[in-house]
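Working notes for the structure below.
The values are calculated or read from the model by the stated rules, or taken from the named source; none is laboratory data. As the structure is a computational prediction, the values presented were derived from the model and not from experiment. Cβ sites come from the backbone with ideal geometry, for glycine too, and all protein chains shown count toward neighbours.
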Amino acid sequence: MKVLNKDEFEQANIFGTGLANEAFARYFIGESFLNPLTDPKECPLFLANVTFLQL
């Protein structure tokens, strides 16, 4: 999804932006944010939404 501003993105993003993706930043170019969708303590499958900030 491509939007023109952050407010428009936040309204359209059903998962939420999440926090700065510091743990996996080495695997991505640019700034990214990670929002876990499952709790690894309760679910053996880890699912997360990754949001990329276009530079």
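The residue list F9, F52, F46 contains one member that is surrounded by 12 or more Cβ atoms within 10 Å (Cβ to Cβ), out of contact with any helix residue (DSSP H, G or I) (no Cβ under 8 Å at 6 or more places or on another chain) and either outside any helix (DSSP H, G or I) or polar (S, T, N, Q) (or both), which is F52. Filtered by the rule that a residue be touching a Phe, Trp or Tyr at 6+ places or on another chain (Cβ under 7 Å) and modelled with pLDDT of 90 or more, the stretch 19-35 gives L19, A20, N21, S32, L34, N35.
Of all residues in the stretch 7-31, those that are free of Cβ contacts under 8 Å to residues at least 40 places away in the same chain have Cβ atoms under 7 Å from Cβ atoms of residues that are exposed (fewer than 10 other Cβ atoms within 10 Å of the Cβ) and not in a helix (DSSP H, G or I), 6 or more apart or on another chain, in A12/M1; G30/L55.
Restricting to the stretch 22-43, and then to whatever is outside any loop (DSSP other than H, G, I, E, B), more than 11 Å from the chain's Cα centre (by Cα) and not hydroxyl-bearing (S, T, Y), can you tell me which residue is surrounded by the most Cβ atoms within 10 Å (Cβ to Cβ)?
Once the filter is applied, the top-ranked residue is A25.
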